Every structure is written in C-alpha cells, then in structure tokens.
Amino acid sequence: MKKIFVGICTGIVFFLNACSKDDAPSSAILATPVANPATEINDTSFKAKWNFVSSAQNYLLDVSLSRDFTDFVTNYNAKSVNDLNDIVMNLIGGTQYYYRVRAVRGTEISNYSNVISVITSGTFVNADTLLKVKAANNFFVGAAVSSSRLSGAYNTLITTEFSSITAENEMKMETIFTGPGTYNWTQADAIVDYAIANNINVHGHALVWHGSVPSWMNSYTGTDAEFEQLVHDYITAVVTRYVGKVTSWDVVNEAINDGGGTRNTIFLQKMGANYIAKCFQWAREADPNVLLFYNDYNTSTDISKQNDVYALIDDLKTNNVPIDGVGLQMHIKYDSPTKQELQTDVDKVLARNLKLHFSELDVRANSNDSQVLNTLTPERKLAQKMKYREVVEVYNAIPATYKYAITVWGMKYNESWILNQFNRVDWPLLFDNSFNRKVTHTGFLEGLE
Ligand code: XIL
C-alpha cells in the first residue's frame, strides 16, 4: 500500500514537472545532479542512480573505464535517460567503472555530477596475481619467446609470470637446419640457456612441420632415401643436443589437413605415410625421457580433422610408436570453440591416456567472418576474456596426471602473429603493447579459481 502511495506521489511529481517544462522555460538555473552509489551490482551490470533535478527533462549518463572519462563504454557516451536511474549492461566482471550524469532542459545542459566508482562483481581475483603462482605445481604456464626478446621488460615478464617457454620460431627447421649436415644453434641455444639460467621449463617446437622447411630441402635433388636420412639426422642432432634441457618436443606438427586427410607435405611425399611414426621413433631413440607430442590446430571445431587426428594417434599407439601427449594449438576466437566443443576434444586426448598441452593459445577478438573491429569494444573484450577463462577452466579441471602446460603464443598484442596472419588489428594476448596486464590475464586467473 505504502509503495503504491509513494509510486503515485512520484508520478505526480513527474507529471507536474512535465507540465512545467511544456510551459514557458524556467528561468531558474538548471541544477547539477548528484550521482548516487550504484545498486544491483553483479557480474555484467549495475544500476546507476542520481537525484532528481527540478525542471530537468532528461539526463545524460556517461560510463567509462577511466576516472577521467577519456573513453566510454559503448552506448554510454552521454546516453539520454528519462529516469533517475539506468541499468548499465554488458560489462566485465570484477572491473572498475565510473559514471557521472548531467541534467538537460531544452538546449541547456547542466554541469557534470560527481563521479561514482563501481566495481562489478563476479569471480573476483586479484588481478595482480602472477599466472605461474596461481597455477603453481599443477602445470606449466608457458609463453612463446624469441632470443631477441629475453631481456629488459621481456625478462621481467617471463621470469615473473611464466614457468615455461617455447621458441616461437627459432627451434624450427628453417632456423636450425642450414644445409645437409649443417646446423645453426645460436638462437636455440640462447633460448635454452636462458631457461636454464632462470629455472624455466622448455617445450621444444617443432621438429617436423611443413611450415618451416628450409628452401634447400624443398629443392633437394637427392633420392628419397637420402632425404629421409637427412630428416633422421636432423631429429637426432636436435633432440640429442638438448637432452636433459628440453622437457618435451612437438615431434610432428599439423600433419592433418583442414577438413581431414593426411597433409600432402614434402615429408609425406619423400618418406611415405609412415613418416610420422618414424619421426617419433627417432626422437625417442635420441632421448628416452623427453615427452613427445603430436600438435595440431582447429581440432575442436573441424570434426573431420578431429576424427583424423585421433585416428592417426590411435594408429601410432596401436603400433607402439612412442607418443606421450597431444598439443591442441588453441588459436581460437572470442566466440569459438564452445566450451562443450573444447571439452569433447580434450576428452578424446584423455581417453587415449595421453598428456594434454594447450599449446599456442591466443584468442582473437576479431573473428574471420563477422564484422571487423578497429577498436576493442567492452562487449567484445568481455566475450574474449570469458573465452580465456573457459579455456583455462577446462584445462584446470582435467586430472593432474594429464596436465602438462598451457602455452600462450606471445606476450604483447602488437607482436602476435595473428596480426600478420589475418592482416588486421587484434588484441589476442595477455599484455598490451606496454607490457600491461589486460583483462584477458584476469580471465586466465579466473579460470584457475
Ligand atoms: C608462427 C609464428 O608465430 C610466426 O612468427 C611465424 O611467422 C609462423 O609461425 N602453428 C604453429 C606455430 O605450430 O609454429 C606457428 O607459429 C603458428 C601456427
């Protein structure tokens, strides 16, 4: 009853106010509204509130991630509101926002109100927590690195946040295998030595990959048997050199086509269908203890490919080929794969009693086919963060014996291979161009809760 009465009174006040504004414009100065603390705060929204201003027709609401309102949450740059509150939606959990309002009467606009600060709820983790500390003892948190990016701020970041590194390019054939029987170890050694000096794990990537075949091999004119001998010698030399220093190797990378079928690489052509098994055997002969992985991408969403990848793995296992684990590359998008698709893929690895590596993680905020963003909107940022969280959650939930590492494919946004690969801007990693942790980093931490 009381509520109804209050409601009627409020209605009358608004009605009178509306009447007065239809009359001659009030000559009184339009007061500055007073913003009140937010209510109904949850993961993705809150209710912004302010006091009534006499003779105001509507209010302009600003919501921003920065106290000085240098940018605005989408749709909240002077959003017109006809009420004394507004539900601000599509926000990121555990994030600090600010809002302020102005009153409007005709063409008159008041001064800005006071600024209200509000932190959305949700799985609130201390965003300053370090990744490797949070994941401590459960699995390695890795990053792709290069030998020229191991000092200064890179060094600080690697040694504080990460417990494992992978050479983004410099332990691939194209860098190391300079000619028949000749090897360039300079960059690979620098990376491995750095890891040892800093007590960081090394995941080796990748012994055999069609994407990094030296040009002299592509134009090789020797016999197939000689070619095979070269590959054998290469694998033996590389694995032997790093015995006891490199914990694991991607032995064969991306051997299955998009849409299924064995990829028609130079290795297949010259060594035959058995080349994959041979590479694993040679790696094992060179190091009886190193973990041997098969690594591939898009297996969660490309089901024909997924089927063929696990058929290949089953075949290796049936033939007692030494394989210890599977790397799922995790070059994914803010909206794909779904958690269920990912889980199904993961379960296939576990069902084969193999270790799982979420290798090469990055989450595109721009997907292939949908509208391309030139700036990261709060909505997209939230979806991207949630995808990071989901991926880490799925990984963290697998039994300890299958855990190995989650490796992020780079450090800073602007150095991500994604920008070149898709030829457009993106923000796929955990740190911005100035090494600042981004909300994706918080998403990673939340996945470990
Ligand atoms: C990419 C690197 O990130 C780029 O710098 C390079 O130009 C090409 O290779 N799958 C893999 C990685 O297994 O080795 C690739 O790395 C990305 C796709």
Residue satisfying all of: in region 209-220; surrounded by 12 or more Cβ atoms within 10 Å (Cβ to Cβ) and more than 33 Å from the chain's Cα centre (by Cα); nearest to the ligand (Cβ to nearest atom) among these: Met217
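Return the residue satisfying two criteria in turn: it lies in region 392-409 and is surrounded by 24 or more Cβ atoms within 10 Å (Cβ to Cβ) and not in a strand (DSSP E or B), and of such residues it is farthest from the chain's Cα centre (by Cα). Quick ask: steps written out before the conclusion?
Here is the first cut: in region 392-409, the residues surrounded by 24 or more Cβ atoms within 10 Å (Cβ to Cβ) are 392, 395, 404-408.
Then drop every residue that is not not in a strand (DSSP E or B), which leaves 392, 395.
Working: Val392: 10, Tyr395: 13 Å.
Ranking the candidates gives Tyr395 first.
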Is there a residue being open to solvent by 10 Å² or more (accessible area, probe 1.4 Å), farther than 21 Å from Arg389 by Cβ and at pLDDT 95 or above anywhere in region 328-347? no
Note down all Cβ pairs under 7 Å where the first residue falls in region 124-135 and is modelled with pLDDT of 85 or more, the second is small (Gly, Ala, Ser) and surrounded by 15 or more Cβ atoms within 10 Å (Cβ to Cβ), and they're at least six residues apart or on different chains. Lys132/Ser163
Any idea how many residues of region 86-107 are in contact with a helix residue (DSSP H, G or I) (Cβ under 7 Å, 6 or more places away or on another chain) and open to solvent by 70 Å² or more (accessible area, probe 1.4 Å)? 1
Selection count, region 411-449, where residues are more than 10 Å from the chain's Cα centre (by Cα) and assigned to a loop (DSSP other than H, G, I, E, B): 14
Which numbered condition in (1) within 24 Å of Leu361 (Cα to Cα); (2) in contact with a strand residue (DSSP E or B) (Cβ under 7 Å, 6 or more places away or on another chain); (3) in a loop (DSSP other than H, G, I, E, B); (4) away from the ligand (no atom under 16 Å from the Cβ) is the only one that Pro322 fails? (1)
Considering residues of region 325-342 that are in a helix (DSSP H, G or I) and in contact with a Ser or Thr (Cβ under 9 Å, 6 or more places away or on another chain) only, the residue nearest to the ligand (Cβ to nearest atom): Leu342
Here are the criteria: (1) within 16 Å of the ligand (Cβ to nearest atom); (2) open to solvent by 10 Å² or more (accessible area, probe 1.4 Å); (3) within 30 Å of Asn436 (Cα to Cα); (4) not hydroxyl-bearing (Ser, Thr, Tyr). Tell me which single one Ala206 does not satisfy. (2)
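Given the criterion within 16 Å of the ligand (Cβ to nearest atom) and out of contact with any Gly (no Cβ under 9 Å at 6 or more places or on another chain), identify the matching residue among Asn366, Asn353, Asn423.
So the residue among Asn366, Asn353, Asn423 that is within 16 Å of the ligand (Cβ to nearest atom) and out of contact with any Gly (no Cβ under 9 Å at 6 or more places or on another chain) is Asn423.
Going by the conditions given, is Val239 within 16 Å of the ligand (Cβ to nearest atom), buried (at least 22 other Cβ atoms within 10 Å of the Cβ) and at pLDDT 95 or above? Before the answer, list the steps.
Values: within 16 Å of the ligand (Cβ to nearest atom): no; buried (at least 22 other Cβ atoms within 10 Å of the Cβ): yes; at pLDDT 95 or above: yes.
No.
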Of a type in the set (Val, Ile, Thr) and within 16 Å of the ligand (Cβ to nearest atom): is that true of Val290 in this structure? no
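Residue under question is Tyr154, and the condition is that it be of a type in the set (Ser, Thr, Tyr), modelled with pLDDT of 95 or more, away from the ligand (no atom under 16 Å from the Cβ) and over 28 Å from Ile266 (Cβ atoms); does it hold?
Numbers: of a type in the set (Ser, Thr, Tyr): yes; modelled with pLDDT of 95 or more: yes; away from the ligand (no atom under 16 Å from the Cβ): no; over 28 Å from Ile266 (Cβ atoms): yes.
No: the conditions fail for Tyr154.
Could you list, in sequence order, the residues of region 275-318 that are more than 17 Å from Gly244 (Cα to Cα), in a loop (DSSP other than H, G, I, E, B) and more than 25 Å from the chain's Cα centre (by Cα)?
Pass one, region 275-318, residues more than 17 Å from Gly244 (Cα to Cα): 275-281, 294-318.
Filter once more, so that each one left must be in a loop (DSSP other than H, G, I, E, B): 297-302.
Result: no residue meets the conditions.
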Among the residues in region 61-77, are any open to solvent by 20 Å² or more (accessible area, probe 1.4 Å), modelled with pLDDT of 95 or more and either of a type in the set (Lys, Arg) or in contact with a Ser or Thr (Cβ under 6 Å, 6 or more places away or on another chain) (or both)? no
Kindly indicate whether Thr223 is open to solvent by 10 Å² or more (accessible area, probe 1.4 Å), touching a helix residue (DSSP H, G or I) at 6+ places or on another chain (Cβ under 6 Å), among the β-branched types (Val, Ile, Thr) and away from the ligand (no atom under 15 Å from the Cβ). no
Residue set Lys385, Lys412; condition more than 14 Å from His331 (Cα to Cα), in contact (Cβ under 8 Å) with a residue 12 or more places away in the chain, within 16 Å of the ligand (Cβ to nearest atom) and open to solvent by less than 50 Å² (accessible area, probe 1.4 Å); output residue Lys412
Can you pull out the strands (runs of 3 or more DSSP E) entirely within region 108-197 that have at least 3 residues that are open to solvent by less than 30 Å² (accessible area, probe 1.4 Å)? 140-145, 164-167
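Yes or no, residue by residue, for (1) over 30 Å from Asp287 (Cα atoms); (2) in contact with a Leu (Cβ under 7 Å, 6 or more places away or on another chain):
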| residue | (1), (2) |
| --- | --- |
| Tyr112 | yes, no |
| Val115 | yes, no |
| Thr129 | yes, yes |
| Arg149 | no, no |
| Ala167 | no, no |
| Thr175 | no, no |
| Thr186 | no, no |
Assess whether Asn298 counts as being surrounded by fewer than 20 Cβ atoms within 10 Å (Cβ to Cβ) and at pLDDT 95 or above. no
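When you look at Tyr402, is it touching a helix residue (DSSP H, G or I) at 6+ places or on another chain (Cβ under 8 Å), under 27 Å from Asp71 (Cα atoms), of a type in the set (Ser, Thr, Tyr) and away from the ligand (no atom under 16 Å from the Cβ), yes or no?
Values: touching a helix residue (DSSP H, G or I) at 6+ places or on another chain (Cβ under 8 Å): yes; under 27 Å from Asp71 (Cα atoms): no; of a type in the set (Ser, Thr, Tyr): yes; away from the ligand (no atom under 16 Å from the Cβ): yes.
Answer is no for this residue.
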Within region 242-253, count every residue that is within 16 Å of the ligand (Cβ to nearest atom) and surrounded by fewer than 22 Cβ atoms within 10 Å (Cβ to Cβ). 0
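The values are calculated or read from the model by the stated rules, or taken from the named source; none is laboratory data. None of these values were measured; they are calculated from a predicted model. Here the Cβ is made from the backbone with ideal geometry for all residues, glycine too, and neighbour counts use every protein chain on show. For the accessible areas, the whole protein counts, side chains as well, though only heavy atoms, and no ligand, DNA or RNA atoms are used. Shrake-Rupley method; radii C 1.70, N 1.55, O 1.52, S 1.80 Å.
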